[in-house]
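Below you will find the structure I want to go over with you.
The values are calculated or read from the model by the stated rules, or taken from the named source; none is laboratory data. Keep in mind the model is a prediction, meaning the values are calculated, not measured. No Cβ is skipped: glycine too gets one built from the backbone with ideal geometry, and neighbour counts run over all protein chains shown. With ligands, DNA and RNA removed, areas are computed over all heavy atoms of the protein, side chains included. Shrake-Rupley method; radii C 1.70, N 1.55, O 1.52, S 1.80 Å.
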Amino acid sequence: MPEGPTIRVTGDTLRRVLQDQRIEHFESQFKKAKAEDWAGKVQGQLVRCVRVHGKNLFFDLENDWTLYTHMLMWGSWHVYGKTEPWLKEKRKARIVIETATHVVVLFSAPKADLIHASALAQHQTSELGPDLLKDDWQERDMHEAWQRLHVASETPLGTAIMDQTIVAGIGNILKSEILFKTRLHPLRHSGSLSHDEFLQLIDVSRRLMQLAYTTQGFKEVFLPPSLQQATGKLGYVYGRSGQPCFNCGTSIQMVRQGPLERMTFFCPHCQPFDPANPPPLKELTMQPLYANSVHTLEEARDFVLAMGMIGILQDTKGKLPTLWDAVDFLDKQPGEGGWGEKMGKVWSWKNALPATYPDEIFYGKIKGGRAVLMSMEKLRALYQQYHKPVEQCGAVAQQLWKIIQQGSIMTVPLRQVIGMTDRKERGLFDRALQELQVTFNIARSNQPDVEGDIWVPFTKQYPQFAEHLVHADQTPAR
Ligand SMILES: [Zn+2]
């Protein structure tokens, strides 16, 4: 089924060909077209405007009639030159529109109406929810979507977000992928959404749909290319029931939902039905699917961005995917000196990734002290959750921060400057340094080709990030 982004691309094409053009000839196979004399009302008219709302197309004519079409699952619009041969059989043409230069044909679409302006407000399309792809999505659209979702508070999310009278534009593939990305179980009732979950749902929906629209398809929207190749699938969950989740290894499941029994795919661990009591993660008995899927630094970047956040070294008990599992290099062989190829790559790429892609990838430590690589999106989320002003950090951390603020400095000289070199004080020093990292007051410098860690104030390295937060504070609805 064409989804909102696809219809919008079609709308753009039809607008280029039809808008401000006069319809010289019109014919339609619909029975009601003859009964209602559509040809008489359409022929000779100028097309004032071609509009898209969700999956619906509207052609407004200068005499206040509007041609409405919906492609449902199998319809398609074709644009031809006047003498160009058609790619489909003429008997399947439902609507043919001719201008001075083009022939525009709607094949196989079962749904069309000719509506007068005075009756538009009573047409079924007047019940559509706000269009997620509209350019000027505003606070009132957000409010309207929230209210419409709450009217359907007993409806499961997998049905509700496909319901075009709640929000318009989401189709079956987007549905599963949006719910996975927002970690929402498809059987949760709409009414159980917190306002924050709702804001994230709309934000993610709009971003994925916008990307599908600008790239004209789903190839660049969900999985990175290396994982698409590994699975033969476009998405994290869509069409993958029985296969392991990329995030946690649990088997992807499928439920049928809604009046048409459409398939919804989801990960029962990553999208817990009850977020307060997520099901325990079963021991992984197999290698994760992404194992050995990364061969180059660029693929490593894709991997980090696809996962959001990854660990660096092997960690069989941990919940995070790791760079160690992902890279396709040989582990140290018996008798081999040094680190081995795999460890060498992992160790150098953990530095090379943020150094090469400083606007996309962040290296740091998370609560508990684990070293990770993450996307900027993830960083923003963790920052909001864990940032503490330095004045609220411990006394040693505050002293360290004062030194780092005066100029970037490496770990060993920092320890000497503050005079915490004996063994007892080392633990104290390490914990304070970690506290500054975990609370996002300092960052490791992205300066390439330096052995060891150089510490800089966080906002010095990420000023654009600080600006973003100021912006986000001013517009809390986003
Ligand atoms: Zn999962």
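Here are some residues: 150, 189, 185, 143. Which one is at pLDDT 95 or above, closer than 30 Å to residue 279 by Cβ, in the same structural domain as residue 278 (by TED's automatic domain parsing) and open to solvent by 50 Å² or more (accessible area, probe 1.4 Å)?
Of 150, 189, 185, 143, the one residue that is at pLDDT 95 or above, closer than 30 Å to residue 279 by Cβ, in the same structural domain as residue 278 (by TED's automatic domain parsing) and open to solvent by 50 Å² or more (accessible area, probe 1.4 Å) is 189.
Related question: For region 417-453, which positions are in contact (Cβ under 8 Å) with a residue 60 or more places away in the chain, polar (S, T, N, Q) and not in a helix (DSSP H, G or I)?
Answer for region 417-453, where residues must be in contact (Cβ under 8 Å) with a residue 60 or more places away in the chain, polar (S, T, N, Q) and not in a helix (DSSP H, G or I): 446, 447.
Among all residue pairs at least 6 apart or on different chains, which show Cβ distances below 9 Å where the first residue, located in region 248-264, is within 16 Å of residue 159 (Cα to Cα) and the second is in a loop (DSSP other than H, G, I, E, B) and of a type in the set (Phe, Trp, Tyr)?
Pairs found: 263/238.
Could you pull out the residue among 279, 275 that is within 16 Å of the ligand (Cβ to nearest atom), in the same structural domain as residue 240 (by TED's automatic domain parsing) and out of contact with any helix residue (DSSP H, G or I) (no Cβ under 9 Å at 6 or more places or on another chain)?
So the residue among 279, 275 that is within 16 Å of the ligand (Cβ to nearest atom), in the same structural domain as residue 240 (by TED's automatic domain parsing) and out of contact with any helix residue (DSSP H, G or I) (no Cβ under 9 Å at 6 or more places or on another chain) is 279.
Does any residue in region 3-21 that is open to solvent by 30 Å² or more (accessible area, probe 1.4 Å) come within less than 6 Å, Cβ to Cβ, of a residue that is part of a helix (DSSP H, G or I) six or more places away or on a different chain, and which pairs are these?
That search, which allows pairs on different chains as well, returns 8/213.
Follow-up. Among (1) charged (D, E, K, R); (2) within 25 Å of the chain's Cα centre (by Cα); (3) closer than 17 Å to residue 51 by Cα, which single condition is residue 64 missing?
Result: residue 64 fails condition (2) only.
Related question: Of the conditions (1) hydroxyl-bearing (Ser, Thr, Tyr); (2) more than 26 Å from residue 206 (Cα to Cα); (3) in contact with a Phe, Trp or Tyr (Cβ under 9 Å, 6 or more places away or on another chain), residue 99 satisfies every one except a single condition; which number is it?
Condition (3) is where residue 99 drops out.
Sort out which residues of region 237-270 are open to solvent by less than 30 Å² (accessible area, probe 1.4 Å), out of contact with any strand residue (DSSP E or B) (no Cβ under 9 Å at 6 or more places or on another chain) and either modelled with pLDDT of 85 or more or of a type in the set (A, V, I, L, M, F, W, C) (or both), and write them in order of number.
The answer is 246, 248, 270.
Something else: Quick check on region 401-411: of everything there that is of a type outside the set (Gly, Ala, Ser) and touching a residue at least 40 places away in the same chain (Cβ under 8 Å), which residue is least open to solvent (accessible area, probe 1.4 Å)?
Top of the filtered list is 404.
Evaluate region 310-324: report whether one residue or more is in contact (Cβ under 8 Å) with a residue 60 or more places away in the chain, polar (S, T, N, Q) and in a loop (DSSP other than H, G, I, E, B).
no
Of all residues in region 22-50, how many are part of a loop (DSSP other than H, G, I, E, B) and surrounded by fewer than 17 Cβ atoms within 10 Å (Cβ to Cβ)?
Residues meeting the conditions: 6.
Can you tell me which residues in region 22-43 are touching a residue at least 40 places away in the same chain (Cβ under 8 Å) and among the acidic types (Asp, Glu)?
24, 27, 36
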